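Below is one structure; the comments refer to it alone.
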Amino acid sequence: MAWQQSPSPPAANSPPPPAPTTVISLDEDLLREIFLRLPSLPSLVRAALSCRTFLSAVRSSPAFRRSFREAHLPPLLGLFFDPEVPSIPAFAPLRRRSDPDLAAAVRGADFFLTRLPADDDTFPGWAIEGCCDGNVLLQNFSLEQLAVYNPLTRALDLIPVPPDKIFEGARGDAKYLGCYILSSEEGGEPLRLVYTCHDKSRARAAIFSSESREWQIFPWSEAVTPLPEDEHWLKVGTMVNGFVYWIHTNEAYILVLNTATLHFSQMDLPPTLVARDLIFRVGETKDGKPCIVCPIDFELFVWVRGAEDDGIERWIFDQRFPLETIVEVTESTLVEHGDLKVVATIGGFVYFSTMETFLDGHNPSWFMSLCMETGELATLFQRRFDGHPHPYIMAWPPCLIDNQVHPQLEGA
(Lines give C-alpha, C1' and ligand atoms only; values in the text may rest on other atoms or scores of the structure.)
Protein backbone atom coordinates (compact mmCIF):
# COMPACT_ATOMS: atom_id res chain seq x y z
CA MET A 1 0.00 0.00 0.00
CA ALA A 2 1.32 3.37 -0.96
CA TRP A 3 2.17 5.62 1.86
CA GLN A 4 0.20 8.91 1.89
CA GLN A 5 1.37 11.92 3.81
CA SER A 6 -1.38 13.51 5.87
CA PRO A 7 -1.80 17.29 5.49
CA SER A 8 -0.03 19.32 8.07
CA PRO A 9 -2.22 20.95 10.69
CA PRO A 10 -2.92 24.66 10.23
CA ALA A 11 -0.72 27.04 12.05
CA ALA A 12 -2.06 28.03 15.39
CA ASN A 13 -2.02 31.77 14.59
CA SER A 14 -3.54 31.68 11.03
CA PRO A 15 -6.78 33.75 10.83
CA PRO A 16 -10.06 32.08 9.87
CA PRO A 17 -11.11 32.56 6.22
CA PRO A 18 -13.12 35.79 5.73
CA ALA A 19 -16.87 35.48 5.57
CA PRO A 20 -18.27 36.08 2.08
CA THR A 21 -19.66 39.58 1.54
CA THR A 22 -23.27 39.75 0.36
CA VAL A 23 -25.50 42.68 -0.50
CA ILE A 24 -27.60 42.03 2.59
CA SER A 25 -24.51 42.30 4.82
CA LEU A 26 -23.87 45.90 3.70
CA ASP A 27 -24.72 48.61 6.21
CA GLU A 28 -27.74 50.86 5.59
CA ASP A 29 -25.70 53.93 4.65
CA LEU A 30 -23.98 52.03 1.83
CA LEU A 31 -27.28 50.52 0.71
CA ARG A 32 -28.81 53.97 0.46
CA GLU A 33 -25.85 55.17 -1.64
CA ILE A 34 -26.54 52.27 -4.01
CA PHE A 35 -30.28 52.98 -4.10
CA LEU A 36 -29.63 56.61 -5.04
CA ARG A 37 -28.18 55.31 -8.31
CA LEU A 38 -31.33 53.45 -9.32
CA PRO A 39 -32.96 54.99 -12.42
CA SER A 40 -36.46 55.73 -11.12
CA LEU A 41 -38.92 55.58 -8.23
CA PRO A 42 -40.57 52.37 -9.54
CA SER A 43 -37.10 50.74 -9.56
CA LEU A 44 -36.56 51.81 -5.95
CA VAL A 45 -39.94 50.38 -4.91
CA ARG A 46 -39.12 47.07 -6.55
CA ALA A 47 -35.72 46.89 -4.85
CA ALA A 48 -36.94 48.00 -1.42
CA LEU A 49 -39.74 45.44 -1.33
CA SER A 50 -37.41 42.57 -2.21
CA CYS A 51 -36.25 42.06 1.39
CA ARG A 52 -36.65 43.50 4.88
CA THR A 53 -33.09 44.81 5.03
CA PHE A 54 -33.56 46.94 1.92
CA LEU A 55 -36.97 48.15 3.06
CA SER A 56 -35.63 49.19 6.45
CA ALA A 57 -32.79 51.16 4.85
CA VAL A 58 -35.22 53.14 2.69
CA ARG A 59 -37.96 53.68 5.27
CA SER A 60 -35.76 54.77 8.15
CA SER A 61 -34.13 57.80 6.51
CA PRO A 62 -36.03 61.03 5.76
CA ALA A 63 -32.76 62.46 4.41
CA PHE A 64 -32.55 59.63 1.85
CA ARG A 65 -36.09 60.37 0.67
CA ARG A 66 -35.19 64.02 0.17
CA SER A 67 -32.02 63.11 -1.73
CA PHE A 68 -33.80 60.61 -3.94
CA ARG A 69 -36.55 63.10 -4.79
CA GLU A 70 -33.96 65.72 -5.70
CA ALA A 71 -32.13 63.29 -7.98
CA HIS A 72 -35.18 61.60 -9.56
CA LEU A 73 -38.26 63.36 -10.85
CA PRO A 74 -41.54 61.67 -9.88
CA PRO A 75 -42.57 59.70 -12.96
CA LEU A 76 -45.64 60.41 -15.07
CA LEU A 77 -47.57 57.13 -15.42
CA GLY A 78 -50.21 58.39 -17.82
CA LEU A 79 -53.23 60.67 -18.23
CA PHE A 80 -56.80 60.19 -17.12
CA PHE A 81 -59.40 61.41 -19.59
CA ASP A 82 -62.58 62.51 -17.87
CA PRO A 83 -65.59 62.44 -20.24
CA GLU A 84 -68.03 65.35 -20.48
CA VAL A 85 -70.76 63.21 -18.90
CA PRO A 86 -69.93 61.71 -15.46
CA SER A 87 -68.98 58.07 -15.98
CA ILE A 88 -65.76 56.13 -15.40
CA PRO A 89 -62.73 58.04 -16.70
CA ALA A 90 -60.43 56.40 -19.23
CA PHE A 91 -56.68 56.08 -18.63
CA ALA A 92 -53.97 56.38 -21.27
CA PRO A 93 -50.73 54.88 -19.92
CA LEU A 94 -47.28 56.17 -20.73
CA ARG A 95 -45.47 53.37 -22.57
CA ARG A 96 -41.70 53.29 -22.06
CA ARG A 97 -40.11 49.98 -23.07
CA SER A 98 -36.77 51.28 -21.77
CA ASP A 99 -38.15 51.32 -18.20
CA PRO A 100 -39.62 47.89 -17.33
CA ASP A 101 -40.19 48.90 -13.70
CA LEU A 102 -42.40 51.83 -14.76
CA ALA A 103 -44.33 49.48 -17.04
CA ALA A 104 -44.75 47.05 -14.13
CA ALA A 105 -46.14 49.84 -11.93
CA VAL A 106 -48.73 50.68 -14.60
CA ARG A 107 -49.70 47.03 -15.08
CA GLY A 108 -50.15 46.47 -11.36
CA ALA A 109 -52.32 49.54 -10.70
CA ASP A 110 -56.11 49.80 -10.76
CA PHE A 111 -56.46 52.55 -13.34
CA PHE A 112 -59.93 51.21 -14.18
CA LEU A 113 -60.99 52.49 -10.71
CA THR A 114 -62.84 49.27 -9.99
CA ARG A 115 -63.27 49.95 -6.27
CA LEU A 116 -65.50 52.99 -6.76
CA PRO A 117 -69.09 52.30 -5.67
CA ALA A 118 -72.03 52.89 -8.00
CA ASP A 119 -75.80 52.55 -7.84
CA ASP A 120 -75.88 51.75 -11.55
CA ASP A 121 -73.05 49.65 -13.04
CA THR A 122 -73.86 50.90 -16.53
CA PHE A 123 -73.63 54.56 -15.45
CA PRO A 124 -71.31 54.90 -12.42
CA GLY A 125 -71.50 58.71 -12.47
CA TRP A 126 -67.98 59.61 -11.28
CA ALA A 127 -66.07 62.67 -12.49
CA ILE A 128 -62.43 63.51 -11.75
CA GLU A 129 -61.70 66.69 -9.81
CA GLY A 130 -57.94 66.29 -9.94
CA CYS A 131 -54.87 64.20 -9.07
CA CYS A 132 -52.51 64.93 -6.17
CA ASP A 133 -49.90 62.96 -4.21
CA GLY A 134 -50.74 59.78 -6.13
CA ASN A 135 -54.44 60.09 -5.29
CA VAL A 136 -57.32 60.67 -7.67
CA LEU A 137 -60.08 62.92 -6.34
CA LEU A 138 -63.50 62.19 -7.81
CA GLN A 139 -67.04 63.39 -7.21
CA ASN A 140 -70.37 61.64 -7.73
CA PHE A 141 -73.19 64.18 -7.78
CA SER A 142 -75.98 61.56 -7.72
CA LEU A 143 -74.48 59.79 -4.69
CA GLU A 144 -73.43 63.13 -3.14
CA GLN A 145 -70.04 61.62 -2.42
CA LEU A 146 -66.39 62.42 -2.93
CA ALA A 147 -63.81 59.68 -3.35
CA VAL A 148 -60.05 59.80 -2.81
CA TYR A 149 -58.51 56.75 -4.49
CA ASN A 150 -54.91 55.66 -4.95
CA PRO A 151 -54.79 53.31 -7.97
CA LEU A 152 -51.35 51.99 -6.97
CA THR A 153 -52.21 51.02 -3.39
CA ARG A 154 -56.00 50.68 -3.95
CA ALA A 155 -56.62 52.76 -0.81
CA LEU A 156 -60.11 54.29 -0.99
CA ASP A 157 -61.69 56.97 1.19
CA LEU A 158 -65.34 57.90 0.63
CA ILE A 159 -66.40 61.32 1.91
CA PRO A 160 -69.84 62.98 1.90
CA VAL A 161 -70.05 66.34 0.16
CA PRO A 162 -70.41 69.35 2.49
CA PRO A 163 -73.90 70.05 3.85
CA ASP A 164 -76.12 72.54 2.02
CA LYS A 165 -75.19 75.06 4.70
CA ILE A 166 -72.19 75.99 2.55
CA PHE A 167 -74.57 77.66 0.08
CA GLU A 168 -76.54 79.58 2.72
CA GLY A 169 -76.29 83.37 2.61
CA ALA A 170 -75.46 83.42 -1.09
CA ARG A 171 -76.19 86.50 -3.16
CA GLY A 172 -78.16 85.00 -6.01
CA ASP A 173 -77.50 81.41 -6.99
CA ALA A 174 -74.50 79.72 -5.38
CA LYS A 175 -72.52 77.43 -7.65
CA TYR A 176 -69.96 74.72 -7.06
CA LEU A 177 -66.44 75.93 -7.85
CA GLY A 178 -64.07 73.03 -7.19
CA CYS A 179 -62.63 70.56 -4.68
CA TYR A 180 -58.92 69.96 -4.05
CA ILE A 181 -56.66 67.68 -2.03
CA LEU A 182 -54.40 69.58 0.35
CA SER A 183 -50.96 68.15 -0.34
CA SER A 184 -48.77 66.71 2.42
CA GLU A 185 -45.01 66.26 2.47
CA GLU A 186 -45.12 62.78 3.96
CA GLY A 187 -47.63 59.95 3.95
CA GLY A 188 -49.54 59.03 7.07
CA GLU A 189 -50.79 62.58 7.69
CA PRO A 190 -54.55 63.12 7.90
CA LEU A 191 -56.32 63.55 4.58
CA ARG A 192 -57.59 67.09 4.07
CA LEU A 193 -59.81 68.49 1.31
CA VAL A 194 -60.93 72.01 0.48
CA TYR A 195 -64.35 72.43 -1.17
CA THR A 196 -65.25 75.78 -2.74
CA CYS A 197 -68.30 77.55 -4.15
CA HIS A 198 -69.16 81.06 -5.35
CA ASP A 199 -72.13 83.34 -5.78
CA LYS A 200 -72.38 86.33 -8.11
CA SER A 201 -69.43 88.17 -6.50
CA ARG A 202 -67.99 86.18 -3.59
CA ALA A 203 -66.44 82.80 -2.81
CA ARG A 204 -66.53 80.41 0.13
CA ALA A 205 -64.51 77.41 1.32
CA ALA A 206 -65.00 74.39 3.56
CA ILE A 207 -62.29 72.10 4.95
CA PHE A 208 -62.59 68.34 5.54
CA SER A 209 -60.22 66.38 7.78
CA SER A 210 -60.10 62.60 8.00
CA GLU A 211 -59.43 62.96 11.74
CA SER A 212 -62.79 64.53 12.57
CA ARG A 213 -64.64 63.21 9.47
CA GLU A 214 -66.49 66.54 9.41
CA TRP A 215 -66.58 69.65 7.23
CA GLN A 216 -65.72 73.04 8.69
CA ILE A 217 -67.43 75.80 6.70
CA PHE A 218 -65.82 79.24 6.59
CA PRO A 219 -67.50 82.65 5.97
CA TRP A 220 -68.08 84.15 2.54
CA SER A 221 -65.24 86.26 1.18
CA GLU A 222 -65.45 89.95 0.44
CA ALA A 223 -67.00 90.83 -2.92
CA VAL A 224 -64.55 91.05 -5.80
CA THR A 225 -64.08 94.25 -7.79
CA PRO A 226 -65.23 94.94 -10.39
CA LEU A 227 -68.44 92.97 -9.89
CA PRO A 228 -68.78 90.11 -12.40
CA GLU A 229 -71.41 90.39 -15.09
CA ASP A 230 -71.58 86.65 -15.85
CA GLU A 231 -72.83 84.13 -13.27
CA HIS A 232 -70.05 81.74 -14.39
CA TRP A 233 -67.25 84.21 -13.79
CA LEU A 234 -64.41 81.86 -12.88
CA LYS A 235 -62.59 79.21 -14.89
CA VAL A 236 -61.38 75.87 -13.54
CA GLY A 237 -58.96 76.35 -10.64
CA THR A 238 -55.43 75.04 -10.15
CA MET A 239 -53.79 74.13 -6.83
CA VAL A 240 -50.15 75.26 -6.55
CA ASN A 241 -48.16 74.87 -3.33
CA GLY A 242 -51.09 75.51 -0.98
CA PHE A 243 -52.85 78.16 -3.09
CA VAL A 244 -55.77 77.74 -5.50
CA TYR A 245 -55.86 80.03 -8.55
CA TRP A 246 -58.99 80.73 -10.61
CA ILE A 247 -58.67 82.87 -13.74
CA HIS A 248 -61.57 85.27 -14.32
CA THR A 249 -63.48 84.60 -17.54
CA ASN A 250 -63.62 88.29 -18.58
CA GLU A 251 -61.71 90.53 -16.18
CA ALA A 252 -57.91 90.84 -15.96
CA TYR A 253 -57.37 89.20 -12.59
CA ILE A 254 -57.08 85.86 -10.81
CA LEU A 255 -58.98 84.89 -7.65
CA VAL A 256 -56.60 83.26 -5.16
CA LEU A 257 -57.35 81.12 -2.10
CA ASN A 258 -54.68 80.65 0.56
CA THR A 259 -55.60 77.22 1.95
CA ALA A 260 -53.58 77.84 5.13
CA THR A 261 -55.56 80.95 6.13
CA LEU A 262 -58.69 80.35 3.99
CA HIS A 263 -58.38 83.95 2.81
CA PHE A 264 -59.44 84.94 -0.73
CA SER A 265 -57.62 87.69 -2.63
CA GLN A 266 -57.25 89.06 -6.15
CA MET A 267 -54.13 88.96 -8.31
CA ASP A 268 -53.47 90.82 -11.56
CA LEU A 269 -52.69 89.06 -14.83
CA PRO A 270 -49.44 89.63 -16.73
CA PRO A 271 -50.04 92.78 -18.83
CA THR A 272 -49.32 90.88 -22.06
CA LEU A 273 -52.32 88.62 -21.47
CA VAL A 274 -54.83 91.38 -20.67
CA ALA A 275 -57.66 91.85 -23.18
CA ARG A 276 -56.41 89.05 -25.43
CA ASP A 277 -58.42 86.01 -26.44
CA LEU A 278 -55.87 83.46 -25.24
CA ILE A 279 -56.17 80.21 -23.33
CA PHE A 280 -53.70 79.82 -20.48
CA ARG A 281 -53.45 78.18 -17.07
CA VAL A 282 -51.63 78.65 -13.79
CA GLY A 283 -49.15 75.91 -12.93
CA GLU A 284 -46.02 75.31 -10.87
CA THR A 285 -42.31 75.42 -11.57
CA LYS A 286 -39.83 72.79 -10.40
CA ASP A 287 -39.30 74.67 -7.11
CA GLY A 288 -43.04 75.13 -6.50
CA LYS A 289 -43.47 78.74 -7.66
CA PRO A 290 -46.69 79.66 -9.47
CA CYS A 291 -46.29 80.20 -13.19
CA ILE A 292 -48.49 80.91 -16.19
CA VAL A 293 -47.90 79.07 -19.46
CA CYS A 294 -49.63 80.39 -22.56
CA PRO A 295 -49.34 78.98 -26.11
CA ILE A 296 -49.19 81.63 -28.85
CA ASP A 297 -48.55 80.61 -32.48
CA PHE A 298 -46.72 77.37 -31.60
CA GLU A 299 -44.63 78.98 -28.90
CA LEU A 300 -45.01 78.54 -25.16
CA PHE A 301 -44.60 81.76 -23.16
CA VAL A 302 -43.87 81.45 -19.44
CA TRP A 303 -44.38 83.96 -16.62
CA VAL A 304 -43.27 83.21 -13.05
CA ARG A 305 -44.57 84.89 -9.91
CA GLY A 306 -41.79 86.67 -8.03
CA ALA A 307 -40.45 89.92 -6.62
CA GLU A 308 -38.28 92.32 -8.59
CA ASP A 309 -35.85 94.95 -7.22
CA ASP A 310 -38.68 96.97 -5.67
CA GLY A 311 -39.73 93.97 -3.57
CA ILE A 312 -43.25 93.88 -5.01
CA GLU A 313 -44.51 90.51 -6.21
CA ARG A 314 -45.76 90.40 -9.79
CA TRP A 315 -45.76 88.17 -12.84
CA ILE A 316 -42.28 88.26 -14.41
CA PHE A 317 -41.75 87.07 -17.96
CA ASP A 318 -39.36 84.14 -17.74
CA GLN A 319 -38.83 82.49 -21.10
CA ARG A 320 -40.35 81.33 -24.37
CA PHE A 321 -40.11 77.97 -26.12
CA PRO A 322 -40.51 77.84 -29.93
CA LEU A 323 -42.20 74.55 -30.82
CA GLU A 324 -42.41 74.61 -34.60
CA THR A 325 -40.01 71.64 -34.53
CA ILE A 326 -42.80 69.32 -33.37
CA VAL A 327 -43.54 68.73 -37.05
CA GLU A 328 -40.27 66.78 -37.22
CA VAL A 329 -41.50 64.47 -34.47
CA THR A 330 -45.10 64.10 -35.62
CA GLU A 331 -44.38 64.17 -39.37
CA SER A 332 -47.34 66.52 -39.74
CA THR A 333 -47.77 70.20 -40.58
CA LEU A 334 -48.61 73.08 -38.27
CA VAL A 335 -51.85 73.52 -40.22
CA GLU A 336 -52.82 69.92 -39.43
CA HIS A 337 -51.98 70.43 -35.75
CA GLY A 338 -54.21 73.52 -35.61
CA ASP A 339 -52.86 74.96 -32.38
CA LEU A 340 -51.53 74.01 -28.95
CA LYS A 341 -53.48 73.52 -25.73
CA VAL A 342 -51.85 73.44 -22.29
CA VAL A 343 -53.24 70.61 -20.17
CA ALA A 344 -51.29 71.27 -16.94
CA THR A 345 -47.93 72.50 -15.66
CA ILE A 346 -46.68 70.34 -12.79
CA GLY A 347 -43.24 70.33 -11.19
CA GLY A 348 -41.69 72.34 -14.01
CA PHE A 349 -43.13 70.17 -16.79
CA VAL A 350 -45.68 71.54 -19.25
CA TYR A 351 -48.13 68.91 -20.48
CA PHE A 352 -49.82 70.02 -23.67
CA SER A 353 -51.46 68.73 -26.84
CA THR A 354 -52.04 69.60 -30.44
CA MET A 355 -55.65 70.22 -31.48
CA GLU A 356 -56.43 67.88 -34.38
CA THR A 357 -59.44 66.45 -32.50
CA PHE A 358 -60.93 69.94 -32.17
CA LEU A 359 -60.71 70.40 -35.95
CA ASP A 360 -62.08 66.94 -36.74
CA GLY A 361 -63.50 64.75 -34.00
CA HIS A 362 -62.21 61.59 -35.69
CA ASN A 363 -58.55 62.67 -35.70
CA PRO A 364 -56.19 61.99 -32.77
CA SER A 365 -54.14 64.73 -31.15
CA TRP A 366 -50.51 64.52 -30.04
CA PHE A 367 -49.85 64.72 -26.30
CA MET A 368 -46.41 65.96 -25.29
CA SER A 369 -44.39 67.32 -22.38
CA LEU A 370 -41.79 70.06 -22.13
CA CYS A 371 -39.24 70.41 -19.34
CA MET A 372 -38.99 74.15 -18.60
CA GLU A 373 -35.53 73.71 -17.03
CA THR A 374 -33.86 72.00 -19.99
CA GLY A 375 -36.24 72.74 -22.86
CA GLU A 376 -36.41 69.01 -23.63
CA LEU A 377 -39.50 68.02 -25.60
CA ALA A 378 -40.96 64.52 -25.18
CA THR A 379 -43.77 62.77 -27.02
CA LEU A 380 -46.21 60.96 -24.71
CA PHE A 381 -48.73 59.39 -27.09
CA GLN A 382 -51.28 60.08 -29.81
CA ARG A 383 -54.94 59.94 -28.86
CA ARG A 384 -58.29 61.58 -29.47
CA PHE A 385 -58.84 64.53 -27.15
CA ASP A 386 -62.17 63.17 -25.91
CA GLY A 387 -62.26 64.33 -22.32
CA HIS A 388 -60.67 66.55 -19.67
CA PRO A 389 -57.05 65.33 -19.26
CA HIS A 390 -55.50 64.88 -15.80
CA PRO A 391 -51.81 63.84 -15.60
CA TYR A 392 -51.25 61.10 -13.03
CA ILE A 393 -47.80 61.30 -11.42
CA MET A 394 -46.51 58.59 -9.11
CA ALA A 395 -46.03 59.74 -5.52
CA TRP A 396 -43.69 58.35 -2.88
CA PRO A 397 -45.44 55.14 -1.73
CA PRO A 398 -46.69 55.02 1.88
CA CYS A 399 -45.04 51.61 2.29
CA LEU A 400 -41.63 53.31 1.98
CA ILE A 401 -42.26 55.71 4.87
CA ASP A 402 -41.69 54.89 8.50
CA ASN A 403 -44.13 57.07 10.42
CA GLN A 404 -42.46 56.39 13.76
CA VAL A 405 -40.16 59.09 15.09
CA HIS A 406 -36.45 58.17 15.22
CA PRO A 407 -34.56 61.27 16.44
CA GLN A 408 -31.19 59.58 15.91
CA LEU A 409 -32.01 59.06 12.20
CA GLU A 410 -33.43 62.48 11.33
CA GLY A 411 -30.19 63.46 9.60
CA ALA A 412 -29.40 59.99 8.27
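Semi-axes, largest first, in whole Å: what does sqrt of 5 times each Cα gyration tensor eigenvalue give for the chain?
Details: eigenvalues 439, 144, 103 Å².
Here the semi-axes work out to 47, 27, 23 Å.
Spin-label point model (7 Å from Cα, Cβ direction): what's the Phe317 to Thr249 distance in nm?
3.0
In the chain, what percent of the accessible surface is made up of carbon and sulfur (1.4 Å probe, ligands and nucleic acids excluded)?
Taking all protein chains in place, the chain shows 52 percent carbon and sulfur surface.
Can you tell which of Met394, Met368, Met239 shows the greatest fluctuation in a Gaussian network model of the chain with Cα springs below 10 Å?
Fluctuation is largest for Met368.
Between Asp230 and Ser183, 0.36 nm times their residue separation minus their Cα-Cα distance comes to what?
Full-extension gain reported as 13.7 nm.
With springs connecting C-alpha atoms under 10 Å apart, model the chain as a Gaussian network and identify which of His72, His390, His198 has the largest mean-square fluctuation.
The residue that fluctuates most here is His72.
If I take R0 = 60 Å and measure r between the Cβ atoms of Glu211 and Glu331 in this structure, what FRET efficiency does the formula 1/(1 + (r/R0)^6) give, to the nearest 0.05?
0.65
Amide H to amide H, which residues 5 or more places from Gly178 or on other chains are under 5 Å from it, using H placed in the peptide plane?
Thr196
Take the Cα of Thr272, step 7 Å along the line toward its Cβ, and report every residue of the range 326-346 whose backbone nitrogen sits under 16 Å from that point.
So the set is 342.
Using the heavy atoms of the protein chains and a 1.4 angstrom probe, tell me the accessible area per residue for the chain in square angstrom. Mind dumping the intermediate values first?
Numbers: 22170 Å² over 412 residues.
With the other protein chains kept in place, the chain gives 54 Å² per residue.
Which value in deg cm²/dmol, rounded to the nearest 500, describes the helix-derived mean residue ellipticity at 222 nm for the chain, given -39,500 (n - 2.57) per DSSP H run of n ≥ 4 and division by the residue count?
Values: 8 runs with 56 residues, N = 412.
Calculated at 222 nm, the ellipticity per residue is -3500 deg cm²/dmol.
Once you place label points 7 Å from the Cα toward the Cβ at Lys165 and Glu70, how far apart are they in nm?
Modelled inter-label distance: 4.6 nm.
Less than 12 Å Cβ to Cβ from Ile181, Lys/Arg counted +1 and Asp/Glu -1: what total charge do the surrounding residues give?
-3
The values are calculated or read from the model by the stated rules, or taken from the named source; none is laboratory data. This is a predicted model, so every value here is computed, not measured. We place every Cβ from the backbone using ideal geometry, glycine too, and count neighbours over all the protein chains shown. Side chains are part of the model used for accessible areas, which takes the heavy atoms of the whole protein and leaves out ligands, DNA and RNA. Shrake-Rupley method; radii C 1.70, N 1.55, O 1.52, S 1.80 Å.
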